[in-house]
Structure formats: structure tokens, C-alpha cells
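The structure appears right after this line, and notes come after that.
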Amino acid sequence: MNKYSHGLTRDLDLSLPDLLALLDLAAEVKHAPRDFADRLAGRSVALLFEKPSLRTRFTFELGVQQLGGCVVTMDGPVGGREPVRDVARNLDRWTDAIVARTFRQETIDELAQWASVPVVNALSDLYHPCQVLADLQTLREHFCRSHGPALHGLKLTFVGDGNNVAHSLMLNAGRLGMHFALAAPAGYHPDAEILSQARALAAESGGSIELTQDALSAVDGAHAVYTDVWASMGQEAEAAERQRSFAAYQVSSRLMAAARPDAIFLHCLPAKRGEEVTDEVMESPRSVVFQQAENRLHAQKALLLTLIG
Ligand code: CP
Ligand code: NVA
């Protein structure tokens, strides 16, 4: 068992120095993928999906294969046929890591509690740490020269639901010393406990976490504007109500014009054009959403190398 025996169940499982080292490694993997071609030879990874996926599934499956390892993917509820703790203790006999996308964060935590191999959160209702590794890699590619590898002082504005992606962004922005602003209507702000964790980290790092209902003021001075769907997977029944609540929170060219002139646009994808973002912004030169999607591959390869390489 290595020092990451619990893997990446939530963002803060990875220490700040380890996060920065991982991002350095992700850049190396991107630059010279062949140098890492055999690093997971003889290793196996289990991928579990309770929810749909395009990016996470392809990038983990291809990532493991490109590192010379072997991957097996299963769709469906984790713990439907047998208890989660039994699933964990089966998979850890055959594999070197378990990557799981679940509804409940507790399912990820229970897998990690019972498995002797690292468990990686590939999105839960509370966090999406793998996404944010790629997002930080993308932000570094644009702003490392001006803000250094830790992106200190960079302003990142999230316009939309205080959801899993927002939580993971907020925690990492807080500990890196970034200025993070989130604009959402009342009732859709982030989880209070995660918010206070992020604020405590920001107080130490010299960053800041601002919450507002005013999207226009939130993007003022932003180097990067980020959004995500208004209704996450599992919230489909609330979609109509959320469309009404979030109507004033669409990222449009007008909103982007209120950010810095060199501001980039980020989205974890999938995007709903005409809802949280306009087609014009998605297709604009400021949009780096496919660079983010590409970086999922490199960042997760770096994660797997860190955990089990
Ligand atoms: N961004 C992201 O996690 O995409 P998928 O849901 O397609 O995996
Ligand atoms: N917040 C979204 C992210 C999808 C990658 C969801 O959970 O559906």
C-alpha cells in the first residue's frame, strides 16, 4: 500500500505539494506520452459508472491503455446486487485502483474505506476532482507565465449552480491563492461546509472566495469564466424549475465582455447551448472547452502514475 492508499475520494486528499507535482507531471505526460507507455504494465484498473459519461470514461479507459495497463468498466449501481463493502473487497483482489462515478459521496467513501487499493472519485454529487485537475492544467497553460504554476492571484468566476464542479473548483482555488467568485441565484449556492473549508484555505493562501447573486459583478476582472449545466445528473426532475431560476445566469458574449479582455471561457461539458452558455460563446476563440477535455486524459494519466505507477 502506498501513501495514497485512499486515492482521490475528494480534492483535499491530494496535498498541495502533491497537486502541484501532479500538474507538472501532467504537462510532461502531455508533451511526451510515449515516455510513459509502459508505466502501468501489469496493472489493472476498475472503472464503475452509476451515471453516464463521455469524457471521463474515454479518458480513463484510453489513459490506462496508453500507460500499458488494463481496464475493466462496469455500468450500473454500485452496491445494487451486493453491499458496497463487498464490491470493494472483490475489486481490490483483482485490480490496483478503483475509479468510480456515483450519486452519493458516501458510496465513494465506503469503497475507499473497504478497499486496500486507491479509490478515485470520477464525480459524485459533491465533488468532481478529476475534472478540476484538467481545469488547473488548462489554466496553467494560459496563465502560468503571468501567475506562476500555482496560479496565485488569478480570478476565476463560476457562473451557475453551486454544484460538484463548483465545489472542487472552489476548494482548489482557495488553497492555491486564487480569487474565486461564484454567482448563483438564492438557494443554489454551494454546500455551507465546503464553502467554509474553501474560505479557511483561502485565508491561509492569500486567495478569496466571494459569493453573489450578481453575475455581472462576479465576472468583473475575471481571467477565466466557468459554467456548468443548471441541472446535474440526477436532478432531471428539477430541470424546468432550474431553467427559470437560472435564466439571468447565462454566459453570453455580453457577460464575457464584462470580464478581462483576455478572459477565457471554461466548461466541464457536456454543455447545454442556449441554457447556461450561448452557442456564440462556446464557439468563440475565448472558449477552451476542448482543451480542457483533452487535458482530462493527461491529468488523469498523471493521477494514475502518482497513485499506482
Ligand atoms: N466533464 C465530464 O466529466 O464529462 P463526462 O460526464 O462526459 O464524463
Ligand atoms: N455538474 C454536472 C457535471 C457533469 C460532468 C453533473 O454532475 O451532471
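Can you tell me how many residues in the stretch 208-237 are among the β-branched types (Val, Ile, Thr), more than 16 Å from ligand 1 (Cβ to nearest atom) and not in a strand (DSSP E or B)?
Filtering the stretch 208-237 for residues among the β-branched types (Val, Ile, Thr) gives 209, 212, 219, 225, 227, 229.
Within this subset, residues satisfying the condition of being more than 16 Å from ligand 1 (Cβ to nearest atom) are 209, 212, 219, 225.
With the extra rule that they be not in a strand (DSSP E or B), the set shrinks to 219.
So the count comes out to 1.
May I ask you to verify whether residue 150 is modelled with pLDDT under 95, outside any helix (DSSP H, G or I) and either more than 16 Å from ligand 1 (Cβ to nearest atom) or over 22 Å from residue 74 (Cα atoms) (or both)?
On the way: modelled with pLDDT under 95: yes; outside any helix (DSSP H, G or I): yes; either more than 16 Å from ligand 1 (Cβ to nearest atom) or over 22 Å from residue 74 (Cα atoms) (or both): yes.
Taking the combined requirement at face value, the residue satisfies it.
Just to be sure I understand the filter: pairs with C-beta atoms under 6 Å, separated by 6 or more residues or on different chains, first member in the stretch 85-101 and without any contact (Cβ under 8 Å) to a residue 40 or more places away in the chain and farther than 13 Å from residue 307 by Cα, second member among the polar types (S, T, N, Q) and surrounded by fewer than 21 Cβ atoms within 10 Å (Cβ to Cβ). Which pairs pass?
92/116
For residue 206, which of the numbered conditions (1) touching a Leu at 6+ places or on another chain (Cβ under 7 Å); (2) surrounded by fewer than 24 Cβ atoms within 10 Å (Cβ to Cβ); (3) not β-branched (Val, Ile, Thr) fails to hold?
Only one criterion in (1) touching a Leu at 6+ places or on another chain (Cβ under 7 Å); (2) surrounded by fewer than 24 Cβ atoms within 10 Å (Cβ to Cβ); (3) not β-branched (Val, Ile, Thr) is unmet by residue 206, namely (1).
Within the bounds of the stretch 271-288, is there any residue that is touching a strand residue (DSSP E or B) at 6+ places or on another chain (Cβ under 8 Å), in a helix (DSSP H, G or I), among the hydrophobic types (A, V, I, L, M, F, W, C) and modelled with pLDDT of 95 or more? Working first, answer last.
Here is the first cut: in the stretch 271-288, the residues touching a strand residue (DSSP E or B) at 6+ places or on another chain (Cβ under 8 Å) are 271, 276-279, 281-282, 284, 286-288.
Still in the running and in a helix (DSSP H, G or I): 279, 281-282.
Within this subset, residues satisfying the condition of being among the hydrophobic types (A, V, I, L, M, F, W, C) are 281-282.
With the extra rule that they be modelled with pLDDT of 95 or more, the set shrinks to 281-282.
For the stretch 271-288, residues touching a strand residue (DSSP E or B) at 6+ places or on another chain (Cβ under 8 Å), in a helix (DSSP H, G or I), among the hydrophobic types (A, V, I, L, M, F, W, C) and modelled with pLDDT of 95 or more: present.
So which residues in the stretch 153-168 are touching a strand residue (DSSP E or B) at 6+ places or on another chain (Cβ under 6 Å), closer than 19 Å to residue 291 by Cβ and within 16 Å of ligand 1 (Cβ to nearest atom), if there are any at all?
Of everything in the stretch 153-168, just one residue is touching a strand residue (DSSP E or B) at 6+ places or on another chain (Cβ under 6 Å), closer than 19 Å to residue 291 by Cβ and within 16 Å of ligand 1 (Cβ to nearest atom), namely 158.
Can residue 116 be described as hydroxyl-bearing (Ser, Thr, Tyr) and either more than 16 Å from ligand 2 (Cβ to nearest atom) or touching a Pro at 6+ places or on another chain (Cβ under 7 Å) (or both)?
Spelling it out, residue 116 is indeed hydroxyl-bearing (Ser, Thr, Tyr) and either more than 16 Å from ligand 2 (Cβ to nearest atom) or touching a Pro at 6+ places or on another chain (Cβ under 7 Å) (or both).
Report every pair of residues separated by at least 6 positions or lying on different chains whose Cβ atoms are under 6 Å apart, first residue within the stretch 225-237 and under 24 Å from residue 154 (Cβ atoms) and aromatic (Phe, Trp, Tyr), second within 12 Å of ligand 1 (Cβ to nearest atom) and at pLDDT 95 or above.
Here the result reads 226/266, each pair linking the stretch 225-237 to a residue that is within 12 Å of ligand 1 (Cβ to nearest atom) and at pLDDT 95 or above.
Considering only residues that are in contact (Cβ under 8 Å) with a residue 24 or more places away in the chain and within 16 Å of ligand 1 (Cβ to nearest atom), look in the stretch 252-274 and name the one that is surrounded by the fewest Cβ atoms within 10 Å (Cβ to Cβ).
270
Filter the stretch 76-120 down to residues that are in contact with a Leu (Cβ under 6 Å, 6 or more places away or on another chain) and assigned to a loop (DSSP other than H, G, I, E, B) and give me whichever is farthest from residue 302 (Cα to Cα).
The selected residue is 78.
Somewhere in the stretch 284-300, is a residue surrounded by fewer than 22 Cβ atoms within 10 Å (Cβ to Cβ), farther than 24 Å from residue 59 by Cβ and in contact with a Gly (Cβ under 9 Å, 6 or more places away or on another chain)?
no
Which condition from (1) closer than 23 Å to residue 164 by Cβ; (2) more than 16 Å from ligand 1 (Cβ to nearest atom); (3) in a helix (DSSP H, G or I) is the one that residue 59 breaks?
Here residue 59 clears every test but (2).
Which of the residues spanning the stretch 122-133 are at negative phi, out of contact with any Asp or Glu (no Cβ under 8 Å at 6 or more places or on another chain) and either within 11 Å of ligand 1 (Cβ to nearest atom) or in a helix (DSSP H, G or I) (or both)?
Answer for the stretch 122-133, where residues must be at negative phi, out of contact with any Asp or Glu (no Cβ under 8 Å at 6 or more places or on another chain) and either within 11 Å of ligand 1 (Cβ to nearest atom) or in a helix (DSSP H, G or I) (or both): 122, 128, 130, 131, 133.
Kindly check whether there is at least one residue in the stretch 138-151 that is in contact with an Asp or Glu (Cβ under 8 Å, 6 or more places away or on another chain) and either touching a residue at least 60 places away in the same chain (Cβ under 8 Å) or surrounded by fewer than 24 Cβ atoms within 10 Å (Cβ to Cβ) (or both).
Yes; the residues of the stretch 138-151 include at least one that is in contact with an Asp or Glu (Cβ under 8 Å, 6 or more places away or on another chain) and either touching a residue at least 60 places away in the same chain (Cβ under 8 Å) or surrounded by fewer than 24 Cβ atoms within 10 Å (Cβ to Cβ) (or both).
The values are calculated or read from the model by the stated rules, or taken from the named source; none is laboratory data. Remember, predicted model here, so these are calculated numbers, not experimental data. Counting neighbours? That spans all protein chains shown, and the Cβs are built from the backbone with ideal geometry, glycine included.
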